[in-house]
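For reference, the structure I am asking about is given below.
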Amino acid sequence: MNESPTSASMHMWAFLVPAIVVLIGLGKINRQYGIIKPLAVIGGIAVLLVLTLLKGTSSLGQTIGYCILPGIAFAAVKQSAMLSAQVQIEKNDPNFRQKFIEVTALNTFAKAIGISFGGIMATMIFTTSVKNQLVNVDFAVPTFTNIEQLIAYHAKHFDGGSSPLAKVFTKAVQNVFFAALGCSALAFVFSIFMSNKRLFVGPKPNNPTDIEQETIVVNKSHAEAEKSHDEDSTKNYVASIAPDSAAT
């Protein structure tokens with residue numbers, strides 16, 4: 001608390017750096033072995049329990065240490081969920097590109113909705129928790145109309161991370177982390193029911209236009225099938241009218 005916006009944002013690096021490293025590592029694993037579900041299950045394990053250990057007196061080193069595992073788990077689940085949705089599209093589908101874009105957009109939209117909903121729920125839990133604690137406190141509480149004013153007051157009259165008011169805020173944040181722990185457990189359960197389909201692992205494409213060649217081959221196959229069907233229909237029609245012509 002009572003830190004500048006720049007200093008406060010630096011705490012996000014404890015999440016971002018492990019997440020970025022894991023994304024790169026997962027990409028290598030996916031490319032070499034094609035596995036998706038096992039990585040999602042491992043990432044879905046409820047590791048957010050470590051965040052509930054954070055306190056107002058936690059050092060920077062402790063904060064970074066507690067945030068590494070959640071960052072790894074978040075990256076693993078997010079990446080695996082995206083890949084699992086994309087591999088459900090058959091590669092020889094004539095509408096492969098369109099469906100691929102639609103699935104990716106829908107997945108991204110669902111994640112954005114989930115993050116927004118999570119932010120609203122976290123704010124509600126924090127606000128409710130602070131109000132409930134202030135009902136039974138044994139210290140003077142300044143007059144306020146909303147929690148934001150109380151936070152601003154505490155920042156202006158900061159009296160340390162161990163002050164009674166700071167402990168109220170810390171407890172409220174821990175309650176938010178407990179709610180996040182529940183969401184992490186749900187992610188783990190959902191990952192168990194994820195599709196077992198794997199990525200196709202094959203030789204490296206010779207050039208970046210291979211997918212174009214595959215599309216051309218698929219379209220050519222469909223065109224040949226339609227041509228063959230038309231020829232068969234013509235032959236059947238000729239054969240059907242031949243007896244009538246002979247009789248005439």
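No lab work stands behind these numbers, since they all come straight from the coordinates. Quantities reported herein were computed from a predicted structural model and do not represent experimental measurements. All Cβ positions, even for glycine, are placed from backbone atoms using ideal geometry, and neighbour counts span all protein chains on display.
Round to a whole angstrom and tell me the spacing of the C-alpha centers of region 28-61 and region 128-191.
25 Å
Give me the distance in nm between label points sitting 7 Å out from Cα along the Cα-to-Cβ direction at Leu69 and Tyr33, one decimal.
2.1 nm
Please give the net charge around Glu148, taking every other residue with its beta carbon less than 14 angstrom from that of Glu148, where Lys and Arg add +1 and Asp and Glu add -1. Mind dumping the intermediate values first?
On the way: positive: Lys131, Lys156; negative: none.
After counting each charged neighbour, the total is +2.
³J(HN,Hα) across region 25-38 via Karplus (A = 6.51, B = -1.76, C = 1.60, θ = phi - 60°), whole Hz, x for Gly/Pro?
These are the phi-based 3J(HN,Hα) values: x, 5, x, 5, 5, 4, 5, 7, 10, x, 7, 10, 4, x Hz.
Treat the count of other C-beta atoms within 10 Å as a stand-in for reagent exposure and order His154, His11 from fewest to most.
Working: His154 18, His11 13.
So the ranking, lowest neighbour count to highest, is His11, His154.
Let me ask another. What FRET efficiency comes out for the pair Phe200/Ser59, r = Cβ-Cβ distance, R0 = 30 Å, nearest 0.05?
That pair, Phe200 with Ser59, gives E of 0.05.
Measuring from label point to label point, each 7 Å out along Cα→Cβ, what is the Gln86 to Val17 span in nm?
2.8 nm
A further question follows. Using θ = phi - 60° and the Karplus relation 6.51 cos²θ - 1.76 cosθ + 1.60, list the HN-Hα couplings for region 182-189 in order, rounded to whole Hz, with x at every Gly or Pro.
Values per residue, Gly and Pro as x: x, 5, 5, 5, 5, 4, 5, 5 Hz.
Compute the distance in nm between two label points, each set 7 Å from the Cα along the Cα-to-Cβ direction, one at Thr108 and one at Val50.
3.0 nm
Next question. Could you compute how fast region 5-200 diffuses translationally, taking Rh as the Kirkwood radius over C-alpha pairs and applying Stokes-Einstein at 37 °C with viscosity 0.692 mPa s? Give it in µm² per second.
On the way: Rh = 19.2 Å.
Once the numbers are plugged in, D ends up at 171 µm²/s.
Moving on to the next point. Could you list the chymotrypsin sites (Phe, Trp or Tyr not before Pro) in region 49-144 that lie in coil according to DSSP, counting only those with at most 11 other Cβ atoms within 10 Å of their Cβ? All intermediate terms of the calculation are to be shown ahead of the outcome.
Working: sites: Tyr66, Phe74, Phe96, Phe100, Phe109, Phe117, Phe126, Phe139, Phe144; in loops: Phe139, Phe144.
Filter output for region 49-144: Phe139.
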